[in-house]
1. When residue 19 is evaluated against the numbered criteria (1) outside any helix (DSSP H, G or I); (2) under 25 Å from residue 96 (Cα atoms); (3) out of contact with any helix residue (DSSP H, G or I) (no Cβ under 8 Å at 6 or more places or on another chain), which criterion, by number, is the only one it fails?
2. Looking at the range 42-54, is at least one residue out of contact with any helix residue (DSSP H, G or I) (no Cβ under 6 Å at 6 or more places or on another chain), over 23 Å from residue 93 (Cβ atoms) and not in a strand (DSSP E or B)?
3. Mind checking whether some residue in the range 79-102 is over 19 Å from residue 1 (Cα atoms) and in a helix (DSSP H, G or I)?
4. I'm checking my understanding of the structure. Among residues of the range 48-70 that are more than 16 Å from residue 106 (Cα to Cα) and crowded, with 19+ Cβ neighbours inside 10 Å, which one is farthest from the chain's Cα centre (by Cα)?
5. Here is a check on your reading of the model: is residue 33 at pLDDT 95 or above, surrounded by 15 or more Cβ atoms within 10 Å (Cβ to Cβ), in a loop (DSSP other than H, G, I, E, B) and at negative phi?
6. Of the residues 57, 46, which single one is at pLDDT below 95 and more than 15 Å from residue 86 (Cβ to Cβ)?
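The values are calculated or read from the model by the stated rules, or taken from the named source; none is laboratory data. Note that the coordinates shown come from a computational prediction; the quantities given were computed from them, not determined experimentally. So basically every Cβ, Gly included, is an ideal-geometry build from the backbone, and we count neighbours across all protein chains shown.
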């Protein structure tokens, strides 16, 4: 399994709308990609958010970067997103409970 973690900063006060758009536009798009395992987005405070996508293979995890970039261009550019960092790597340790499978919506 491979994961990509992205960290962004957006305009102050826009986090709720950014989260709503992640839920509305990109979450299902990731879910339909081959090899999809999971997608989460966290509000880290101070206009910073982190997202994590997990896929069964590295190629799919890296392809998710193109989908994320397209989402930012088409649905989030008005919030002046600044990509702070991005990492892709193999997941070496993983545990999850059934609660992870319950979708959260913004």
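1. Going through (1) outside any helix (DSSP H, G or I); (2) under 25 Å from residue 96 (Cα atoms); (3) out of contact with any helix residue (DSSP H, G or I) (no Cβ under 8 Å at 6 or more places or on another chain) one by one, residue 19 breaks only (1).
2. Looking through the range 42-54, at least one residue is out of contact with any helix residue (DSSP H, G or I) (no Cβ under 6 Å at 6 or more places or on another chain), over 23 Å from residue 93 (Cβ atoms) and not in a strand (DSSP E or B).
3. So far as the range 79-102 goes, yes, one or more of its residues are over 19 Å from residue 1 (Cα atoms) and in a helix (DSSP H, G or I).
4. Out of the qualifying residues, it is 60.
5. So residue 33 fits the description; yes.
6. The conditions single out 46.
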